[in-house]
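Take a look at the structure below.
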Amino acid sequence: MRKPFIAGNWKMYKTAEQAKAFAEEFRKLYKPSDVRVAIAAPFTQLWALKEAFAGSGIAVAAQNMHWADEGAYTGEVSAAMLREIGVDYCVIGHSERRQYFAETDETVNKKVLKALEAGILPILCCGESLQTRDAGEQNAFVEAQIRADFAGVSPEDAKKVTVAYEPIWAIGTGRTASPQQAQDMCAYIREVLADIYGEDISEEITIQYGGSVKPANASELMDQPDIDGALVGGASLKPADFIEIVHF
Ligand code: PGA
């Protein structure tokens, strides 16, 4: 059975002091349950968060990593460096990285493979633009991303990947996909994964929805059969909001 998985994505928000204050407040509100919880924070906050969440069961995620083991890549951080400080997950291929930092399915795929090799669990983001949806091409677009991003990932490793479906038009816009739109795409992603890996494995892969998830719409989204979790941006910045989503 797939466990619900709620992850916060802080993007480029919060200093280490602010991260520690968040963790302290969030731990007071948090009731451990079957729901997996993680916070994806900027690199410089990962260590502090790891310490602040110690013993709580709340996991820590990076928002990016490089695919090489090491090398002359100024400004980059490797999977092994993240693993060394106990980082559990890494968001890979977020649309903001694809849009502003020229990430392609090829680099996303290399990162997914390296994360798995290093023992970091990928949260692999996919999702179409408004233009693609308006043209009715969203399924073909997301299918191509999934096939390219999972290239060379073994069936056993595929189960460790969380797919986050984030339609770009719903990110930070307040315009959430309807539960039906989100469900339809998450079900389609599972079909594509079943085609690649077989139904048994596709049934084990966690698929999140992301894009303007808020306390007010989380439970309706989580009620959908193929939506196993949420990747939450803006609403993960305040403990009181994020806890409501975690306790959906
Ligand atoms: P949002 O961001 O919840 O602020 O729309 C989601 C994301 O980018 O992961």
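The values are calculated or read from the model by the stated rules, or taken from the named source; none is laboratory data. Values in this document were obtained by computation on a predicted structure and should not be read as measured data. Every residue, glycine among them, receives a Cβ derived from its backbone with ideal geometry; neighbour counts consider all protein chains shown. Note: areas computed on protein heavy atoms with side chains; ligands, DNA, RNA excluded. Shrake-Rupley method; radii C 1.70, N 1.55, O 1.52, S 1.80 Å.
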Original post:
Of GLY229, GLN183, GLY75, which is farthest along the charge dipole of the stretch 5-246 in the positive direction, counting Lys and Arg as +1 and Asp and Glu as -1 at C-beta?
Top reply: GLY75
**OP:** Residues in the stretch 86-105, backbone N under 20 Å from the label point at ARG147 (7 Å along the Cα-to-beta-carbon vector): list them, ranges by number please.
**Re:** 104-105
Subject >> Derived scalar couplings ³J(HN,Hα) [the stretch 162-167; Karplus, 6.51 cos²θ - 1.76 cosθ + 1.60; whole Hz; x for Gly, Pro] >> reply: 9, 9, 10, 8, 10, x
Original post:
In square angstrom, what is the accessible area per residue of the chain with a 1.4 angstrom probe?
Top reply: 45 Å²
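Could you list the square roots of 5 times each eigenvalue of the Cα gyration tensor of the chain, that is, the equivalent ellipsoid semi-axes, sorted largest first and rounded to whole Å?
25, 22, 17
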Original post:
Whose amide H sits under 5 Å from the amide H of VAL77, counting only residues 5 or more places off or on another chain, with H placed in the peptide plane?
Top reply: HIS66
**OP:** Quick one: check the C-alpha center-to-center distance for the stretch 21-44 versus the stretch 180-216, whole angstrom.
**Re:** 24 Å
Original post:
GNM on the chain, C-alpha springs below 10 Å: top fluctuator among GLY229, GLY86, GLY55?
Top reply: GLY55
Original post:
If you average the sequence gap of Cα pairs under 8 Å that are 6 or more apart and divide by the length of the stretch 5-246, what percent do you get for the contact order?
Top reply: 20 percent
**OP:** Report, to the nearest whole %, how much of the accessible area of the stretch 5-246 belongs to carbon and sulfur atoms, 1.4 Å probe, protein only.
**Re:** 51 percent
Original post:
GNM, the chain, Cα, under 10 Å: largest mean-square fluctuation among ASP184, ASP149, ASP226?
Top reply: ASP184
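Find how much the distance from ALA140 to LYS159 grows on full extension, using 0.36 nm per residue of separation minus their present alpha carbon separation; answer in nm with one decimal. Working shown, then result.
On the way: separation 19, 0.36 × 19 = 6.84 nm, distance 2.26 nm.
Going from the current span to full extension adds 4.6 nm.
Treat every Asp and Glu Cβ in the chain as -1 and every Lys and Arg Cβ as +1, leave all other atoms uncharged, and give the resulting dipole magnitude about the Cα centre to the nearest 20 debye. Show your work: numbers first, answer last.
Numbers: 24 positive and 36 negative charges, 186 e Å.
The calculation lands at about 900 debye.
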**OP:** Note the full-extension length gain between GLU17 and ASP223 as 0.36 nm times their separation in residues minus their Cα-Cα distance, in nm to one decimal.
**Re:** 70.6 nm
**OP:** Would you work out which of ALA21, ALA170, VAL192 lies farthest towards the positive end of the dipole of the chain? Charges go on Cβ: Lys and Arg +1, Asp and Glu -1.
**Re:** ALA21
**OP:** Treat each spin label as a single point 7 Å out from the Cα along the C-beta direction, and report the SER33 to LYS214 distance in nm.
**Re:** 2.1 nm
Original post:
Can you list residues whose amide H is under 5 Å from GLY8's amide H, if they're 5+ apart or on another chain and H is modeled 1.01 Å from N?
Top reply: ALA38, ILE39, ALA40, VAL232
Subject >> For ILE92, residues with placed amide H under 5 Å, excluding near neighbours >> reply: ILE123, LEU124, CYS125
